[in-house]
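Participant: Please read through the structure below; I'll follow up with questions.
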């Protein structure tokens, strides 16, 4: 493939960031907005061209005998430290990166367009578009990374742009602390990822430099993924706490993904990240950046498969997180928080599906492509309908000027477009056919059932909870009891066209995306996987979803006292769920009481008394000496000369004596 | 009687010692300046003498002395102007009256 398009895909958002970031202050809002939208629109077009060429052109470079190929469009040496430590920058094209190009640029374009209406009156409009471009650039660089280092660099860049955008309203203390929290938590997780990368590359680079894994190949995804047995062999013999080193390395790399994808116990930053502008939540904290963890596991999938313990770890973490987040989402008042926890839960779904994409080895290593394909499928459909839900929430917040459903209610009459698109999003996430969420969720559940019935049953329950809390949210916003304020004075209304158009487009995509023959396009080994709906699984999940929706309808369609009664059966549980089971308080306790109070106090004492004391002592001695000898600088020139003469004579005498 | 190098160097040493003595003991800044000139002249004399006796074929020492004399004249002009300024400030040219330039 010609390298022009791939380079442009990365260069345009970066240039847009520079232009808007440097020249933005001189621009009018309209010019900055149009530039940002046009830039992202062109990147979207180019990405579509690349992805469609990759999937459908049938070129021998992309598909050989029905097997889709991985190819590096370009891969240039960027930093060559030693002959073993070489960092490359490149563009990797394979089914998942092509799919991610489509997802990222589509959602990013929708958000660019939407923000034009949503952010219209906010100060710093140009800066906002610059940051959006930076994020798009980083995320595109992340998904097309050819090696671990490139991925790590862009991984940190998306973290930075997430930080900048969460803290966009930098005058609000809550936004500032939320952005710091997000950055510190994800950075803390990335520390483990870095350790994992170092452990992996240390052992892999022990192989001969001219061997299959020597030099830059030790970090290259294609080289690593095409020979997992060699990678395993290079780490054989080394164990740590009963696990093989490769298992530990892969788990540590996954911890980085846990931070970005908000898996328990590193999920605490995502709900707070909702302090950012709502379109940002849709782009970064629902559709693209938070699925980077899933993408990471998918990228390393052959290595994860060869150490199945790490996949079990992923499954367990995902299953716990999915359930926890779903329960918490049932008791939130802020609509963006409900969506945030729903995102956590859905990403955990994808994680479990990836973790279940491995069957007991039959002959050597045996993969089950279903879980992988389903996870990627859900990543795609979830990005679309979750972005739709967030943008819908943005339209609601724009109209009502509050994040809480308590100041909404009965909005369906006032905001018909938002109502219908939001309903489509809810139906999609609940898994009602023919909306997209049903197809991907069905495949995921089938993969889980094929691994073990327990995971299938557990995640079906979570799917039921998903349907329940989404429709609870839907009814509380659009039905329940009409807020009396709407009658007198302020009447909420649908958003302007820049905001409604993305909603309609995404709703349309959510209706039809399920019919994409995803198994033919994206699989772990490039071979097509023929999707077939498994009737028992589909029937179960539809039944559960319909029952949950029916329950939500009974409870929340019209104002009644049932929710209050249910809450009062066990008020402690509701409060605990509302307070997110006190995870933030636990972190607060650990950081403030344990780390700051006990460990840091000693370190602070050492710093103040030993380090500072040494420096203060040096200064005090110098001052003491200078006070004592300052009388020598008397201002009397003749005294100086006398001393100088004395010294010269002494030196002369010493020299004389030495020579003699 | 042969005029060897010491006939020149001994007056130079005497001039140097007298200059140093005068620079340290005189209180009047003009007198100190004159002492300073003595020191300079003794050094110039040494240049010329060493050039004449050690490297009879070359002229560098002589030329250098001419430069030194010119620069010494410029220095003297600066020194005189500084002394005049101090005189205007404190009303005399006593070096002990300049006590501001200390710690």
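Participant: Using alpha carbons only, how many degrees (0 to 90, rounded to 10) separate the axis of helix B:60-90 from the longest principal axis of chain B?
Facilitator: Once rounded, one gets 10 degrees.
Participant: Normalised by the number of residues in chain A, what is the relative contact order in percent for Cα pairs under 8 Å and 6+ residues apart?
Facilitator: 12
Participant: Hey, could you get me the Stokes-Einstein D for segment A:106-199, Kirkwood radius over alpha-carbon pairs, 4 °C and 1.567 mPa s, rounded to whole µm² s⁻¹?
Facilitator: Answer, rounded: 90 µm²/s.
Participant: Ranking request for peptides A:634-642, A:400-408, A:564-572: highest mean number of other beta-carbon atoms within 10 Å first, then the rest in descending order.
Facilitator: Output ranking for A:634-642, A:400-408, A:564-572: A:400-408, A:634-642, A:564-572.
Participant: Then there is this: Between the alpha-carbon centers of segment A:392-459 and segment B:14-53, tell me the distance in whole angstrom.
Facilitator: 101
Participant: Which value, in nm² and rounded to one decimal, describes the direction-averaged projected area of the C-alpha convex hull of segment A:462-539?
Facilitator: Convex hull of Cα atoms, orientation-averaged projection: 8.8 nm².
Participant: Would you mind computing, in nm to one decimal, how far apart the modelled labels at residue A:77 and residue A:604 are, each placed 7 Å from Cα along Cα→Cβ?
Facilitator: 5.0
Participant: Kirkwood Rh over Cα pairs of segment A:321-437 into Stokes-Einstein at 25 °C, 0.890 mPa s: D in µm²/s?
Facilitator: The calculation lands on 156 µm²/s.
Participant: Report the FRET efficiency, 1/(1 + (r/R0)^6), for residue A:653 and residue A:620, where r is their Cβ-Cβ distance and R0 is 41 Å, rounded to 0.05.
Facilitator: Plugging the Cβ-Cβ distance into 1/(1 + (r/R0)^6) gives 0.65.
Participant: Roughly how many whole Å is it from the C-alpha centroid of segment A:481-532 to that of segment A:305-355?
Facilitator: Value for the Cα centre distance between the two parts: 21 Å.
Participant: What percent of all Cα-Cα pairs in segment A:523-660 falls into each 5 Å bin, going from 0 up to the bin containing the maximum distance?
Facilitator: Spelled out per bin, shortest first, that is 2, 6, 5, 5, 6, 6, 6, 6, 6, 6, 5, 4, 4, 4, 4, 3, 3, 3, 3, 3, 5, 3, 0.
Participant: Further question: Taking the Cβ of each residue in A:156, B:75 as the centre, tally the other Cβ atoms inside 10 Å and list the residues starting with the fewest.
Facilitator: If I rank by nearby Cβ atoms, fewest first, I get B:75, A:156.
Participant: Given 25 °C and 0.890 mPa s, how large is the Stokes-Einstein diffusion coefficient of segment A:87-141 in µm²/s, with Rh as the Kirkwood radius over Cα pairs?
Facilitator: Rounded, D is 194 µm²/s.
Participant: Within the protein assembly as shown, what percent of beta bridges assigned by DSSP are antiparallel, to the nearest 5?
Facilitator: Here the share of antiparallel DSSP bridges comes out near 95 percent.
Participant: Can you give the three extents of the C-alpha atoms in chain A along their principal axes, from longest to shortest, in whole Å?
Facilitator: 111, 69, 52 Å, listed from the longest principal axis down.
Participant: Now a separate question. If I model a spin label as a point 7 Å beyond the Cα along the Cα-Cβ vector, how far apart are those points for residue A:7 and residue A:59 in nm?
Facilitator: Taking the two extended label points, one gets 1.6 nm.
Participant: Direction-averaged shadow area of the convex hull around the Cα atoms of chain B, nm²?
Facilitator: 8.3
Participant: Rank these for me by crowding, A:336, A:491, A:386, going from fewest to most other beta carbons within 10 Å.
Facilitator: A:491, A:336, A:386
Participant: Can you compute the helix-only [θ] at 222 nm over chain A? Use -39500 (n - 2.57) per DSSP H run of at least 4 residues, normalise by all residues, nearest 500 deg cm²/dmol.
Facilitator: It lands at -22000 deg cm²/dmol.
Participant: Give the calculated FRET efficiency between residue B:50 and residue B:92 to the nearest 0.05, with a Förster radius of 30 Å applied to their Cβ-Cβ distance.
Facilitator: So, using R0 = 30 Å, E works out to roughly 0.15.
Participant: How far is helix B:6-25 tilted, in degrees, relative to the longest principal axis of the Cα atoms in chain B, given as a value from 0 to 90 rounded to the nearest 10?
Facilitator: Tilt relative to chain B: about 10 degrees.
Participant: Express in % the proportion of alpha carbon pairs of segment A:614-660 at distances exceeding 18 Å.
Facilitator: Value for segment A:614-660: 57 percent of Cα pairs lie more than 18 Å apart.
Participant: A follow-up question, please. Using Cα pairs closer than 8 Å and at least 6 residues apart in sequence, work out the relative contact order for segment B:6-97, in percent.
Facilitator: In percent, rounded to a whole number, it is 29.
Participant: Still on this structure: In peptide A:373-380, how many Cβ atoms from other protein chains are near each Cβ within 10 Å, on average?
Facilitator: If you average over the peptide's residues, the count of other-chain Cβ atoms is 0.
Participant: For residue B:30 and residue B:17 in the same chain, what is the full-extension length gain: residue separation times 0.36 nm, less their Cα-Cα distance, in nm?
Facilitator: Gain on stretching residue B:30 to residue B:17: 2.9 nm.
Participant: Under the √(5λ) rule applied to the eigenvalues of the Cα gyration tensor, what semi-axes describe the equivalent ellipsoid of segment A:398-547? Give them in Å, descending.
Facilitator: 35, 19, 10
Participant: What is the Cα radius of gyration of segment A:1-110 over 2.2 N^0.38 Å, N being its residue count?
Facilitator: Ratio of Rg to 2.2 N^0.38 Å for segment A:1-110: 1.28.
Participant: Under the rule a/c < 1.5 gives rounded, and otherwise a/b versus b/c splits prolate from oblate, where does segment A:276-337 land using the Cα gyration tensor?
Facilitator: Oblate.
Participant: Taking chain A as the reference, fit the longest principal axis to its C-alpha atoms, fit the long axis of helix A:308-329 to the helix C-alpha atoms, and give the angle between the two in degrees, 0 to 90, nearest 10.
Facilitator: 70
Participant: Evaluate peptide A:626-637: per residue, the Cβ atoms of other protein chains within 10 Å of its Cβ; return the mean as an integer.
Facilitator: 3
Participant: Hey, fewest Cβ within 10 Å first, where do A:320, A:424 land in order?
Facilitator: Fewest-to-most Cβ neighbours within 10 Å comes out as A:320, A:424.
Participant: Inside 10 Å of the C-beta atoms of A:567-580, what's the mean count of C-beta atoms belonging to other chains?
Facilitator: 0
Bear in mind these aren't lab numbers, they're just calculated from the coordinates by the rules spelled out. Not measured: the values here are computed from a predicted model. Quick reminder, even Gly has a Cβ in these numbers, built from the backbone with ideal geometry, and neighbours come from all protein chains shown.
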